[in-house]
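Since the structure comes first, as structure tokens, the remarks are kept for the end.
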Amino acid sequence: MIHNLTTDAQVNHRSIRKFKDQNLSKEQLTTLYKVFQHTSTSMFMQNASLIHITDADKKKKIQELCNQKYV
């Protein structure tokens, strides 16, 4: 297998579903927003949305609407 930063990042990617109860820094959020804006899509035809919700009540309602069960 050819190794480079991109292929290694993809192969070593893991999703974490256990979240900490702490806010991200402004720098962390800025980085995430920038990465999101550069996420590739097939032929640039797929729409993507990013929603940043800080209100706990709204998060809970969305969680219930999407049938998400977080511990």
- Note on the structure: If every Lys and Arg gets +1 and every Asp and Glu gets -1 at its Cβ, then about the Cα centre the chain yields a dipole, in debye to the nearest 20, of 240 debye
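When the chain is fully extended, how far beyond the present Cα-Cα distance does Ala9 get from Ile51, taking 0.36 nm per residue of separation?
On the way: separation 42, 0.36 × 42 = 15.12 nm, distance 2.43 nm.
Additional length available on full extension: 12.7 nm.
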- Query: What residue among Asn23, Asn12, Asn47 shows peak mean-square fluctuation when the chain is described by a Gaussian network model with Cα springs under 10 Å?
  - Reply: Asn12
- Cross-link partners of Lys58 among lysines (Cα-Cα below 17 Å; sequence separation of 8 or more within a chain): Lys69
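Using Cβ contacts closer than 10 Å as the measure, can you line up Lys26, Lys59 from fewest to most?
Numbers: Lys26 8, Lys59 13.
Listing Lys26, Lys59 from fewest to most nearby Cβ atoms yields Lys26, Lys59.
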- Task: Taking DSSP loops as anything outside H, G, I, E and B, show the longest stretch in the chain free of chymotrypsin sites (Phe, Trp or Tyr not before Pro) there with at most 15 other beta carbons within 10 Å.
- Result: 20-69
- Message: Percent of Cα-Cα pairs more than 13 Å apart in the chain, please.
- Response: 80 percent
- Message: Using helices alone, I'd like the mean residue ellipticity at 222 nm for the chain: each DSSP H run of four-plus residues gives -39500 (n - 2.57), total over residue count, nearest 500.
- Response: -12000 deg cm²/dmol
- Query: In degrees, nearest 10, range 0 to 90: what is the angle between the Cα axis of helix 26-37 and the longest Cα principal axis of the chain?
  - Reply: 60 degrees
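Here, each number is a calculation from the coordinates, and none is a lab measurement. Fair warning: this is a prediction, and the values are worked out from it, not measured in the lab. For neighbour counting, all protein chains shown are included, and Cβ atoms are generated from backbone atoms with ideal geometry for every residue, glycine included.
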